[in-house]
Amino acid sequence: MRKKLILIAFTIMAVLFTGCAKENVPSEGDVKTETKTVTVEKGMIPQVIDKNVTYVYKDGNWQETDSAITSWKWADDFIIQDTVWIIETNDAATLYSDLALSFKGRPAVAYIHFKCDQRETGSSIGETEDKIPKMDITISISCDIIFECNGDKFFLEGVKVLGGECFMDGTCNMMVDTGDGHIGTIYVPADVKKGQWSDFRNAMPSSEDALMMESSTFIKKTVFDDQISLSVTSTDVKDGVWDDKITNTNYGENLSPELTWDTVEGATNYVVVMIDGAWLHMDVFTSETHLDAGAIKRGSRGNQYVGPYPPNGTHTYSVFVFALKDESGKVKLSFDAGGNSIDQIYNSLNVDKNGNSGNVIAVGRLDGNYTHKD
């Protein structure tokens with residue numbers, strides 16, 4: 001009797017198990033929906049995407065037929081503040097919108113340092129005009145950017161990040177305000193590299209690079225770049241900017257700057273010029289190695305000065321001091337006018353009054369910028 005009861009129990013369990021198994025086997029054409037989470041770890045911003053995915057049972061397998069994104073955000077543990085990123089590209093035009101014309105087709109590197117002033121962050125689901133899904137980012141943070149292209153460096157300080165858009169392949173576009181309401185786009189590839197503060201610091205442009213970047217008249221190269229140099233200093237230039245008082249503007253007093261330079265052995269006299277690209281603002285012939293502030297007025301050749309008065313933008317006013325063995329021959333100087341060439345001035349000074357070459361034995365240079373304010 002007991003054996004019969006056990007047999008009956010096993011039979012009932014087998015029937016129940018078989019029935020349940022049959023109920024869980026999908027049939028052709030069955031449909032189901034599941035929630036799926038996708039993480040994108042490539043690129044600058046790690047993304048977390050939640051989807052509702054629809055499947056249909058066909059040919060013995062569940063096949064995805066449709067999906068709808070229900071949530072798209074960046075990873076909760078991601079912090080962008082005080083991070084450094086390095087972008088390398090073979091075409092500068094694919095890096096930053098403002099480089100598209102001047103640097104198209106040239107290799108470039110960008111160093112981006114996000115500062116610690118993030119104020120808001122949000123994200124929403126969107127799509128491009130071509131129906132490509134994306135995550136739109138709302139963020140308020142500033143950054144410093146260094147662009148390096150073919151030896152030229154551009155330093156943008158305090159750039160405001162207005163927002164951006166991220167894609168599932170890890171790429172990202174950042175909309176930035178570089179100043180005066182000018183909006184540009186930085187294109188961040190999926191293979192962007194995370195760097196260290198030392199990477200950014202080492203990429204910082206030199207003071208000369210900074211002057212060159214800001215100015216439209218900086219003299220990049222001269223025929224005497226390899227000439228023995230002498231030091232030139234002034235109390236009227238600070239952090240690469242001339243004091244207002246030396247300018248011939250509503251903000252200035254048209255006072256010639258204080259200048260001091262090294263004594264050069266073998267030099268009998270010095271020629272001092274201040275030039276804005278090709279516009280001559282000062283020429284002084286002297287045997288001294290110092291000029292007091294305000295010492296030079298608008299006088300005659302060899303002793304004349306007129307202060308900077310840029311018509312617009314930022315200009316570089318470069319002081320060159322040439323140490324001469326002897327008096328020079330004929331020197332072409334067009335005071336308070338354009339058409340001057342620092343190379344031509346040097347070449348003429350390099351020939352003494354007797355026609356002997358090699359008259360310039362040392363050259364000093366001091367650069368300072370001044371920006372139009374009116």
Review point. Which condition breaks for GLY105 when tested against (1) small (Gly, Ala, Ser); (2) in a loop (DSSP other than H, G, I, E, B); (3) under 30 Å from THR54 (Cα atoms)?
Key: (3)
Practice item. Could you list, in sequence order, all residues of region 225-241 that are surrounded by 14 or more Cβ atoms within 10 Å (Cβ to Cβ) and over 18 Å from ASP262 (Cα atoms)? Key: GLY240, VAL241
**Study point:** Residue check for LYS115: touching a residue at least 24 places away in the same chain (Cβ under 8 Å), over 18 Å from ALA75 (Cα atoms) and basic (Lys, Arg)
**Key:** yes
Review point. Does region 322-344 contain any residue that is closer than 23 Å to TRP242 by Cα, assigned by TED's automatic domain parsing to the domain that holds ASP243, in contact with a helix residue (DSSP H, G or I) (Cβ under 6 Å, 6 or more places away or on another chain) and not in a helix (DSSP H, G or I)?
Key: yes
**Study point:** All strands (runs of 3 or more DSSP E) inside region 111-204 with 3 or more residues being in contact with a helix residue (DSSP H, G or I) (Cβ under 6 Å, 6 or more places away or on another chain), at pLDDT 90 or above and crowded, with 19+ Cβ neighbours inside 10 Å
**Key:** none
Review point. Considering region 42-86 alone, what residues qualify as being surrounded by 13 or more Cβ atoms within 10 Å (Cβ to Cβ), outside any strand (DSSP E or B) and of a type in the set (S, T, N, Q)?
Key: THR83
Review point. Hey, does region 342-364 have a residue that's of a type in the set (S, T, N, Q), surrounded by fewer than 13 Cβ atoms within 10 Å (Cβ to Cβ) and touching a residue at least 60 places away in the same chain (Cβ under 8 Å)?
Key: no
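For GLU288, state whether it is surrounded by fewer than 17 Cβ atoms within 10 Å (Cβ to Cβ), in contact with a strand residue (DSSP E or B) (Cβ under 8 Å, 6 or more places away or on another chain) and either without any contact (Cβ under 8 Å) to a residue 40 or more places away in the chain or assigned to a loop (DSSP other than H, G, I, E, B) (or both).
yes
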Review point. If you go through region 311-318 one residue at a time, do you hit one that is out of contact with any Lys or Arg (no Cβ under 8 Å at 6 or more places or on another chain), without any contact (Cβ under 8 Å) to a residue 60 or more places away in the chain, farther than 16 Å from VAL363 by Cα and surrounded by fewer than 15 Cβ atoms within 10 Å (Cβ to Cβ)?
Key: no
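The values are calculated or read from the model by the stated rules, or taken from the named source; none is laboratory data. None of the values given here were measured: they were computed from a predicted structure. Positions of Cβ are backbone-derived with ideal geometry, glycine not excepted, and every protein chain shown enters the neighbour counts.
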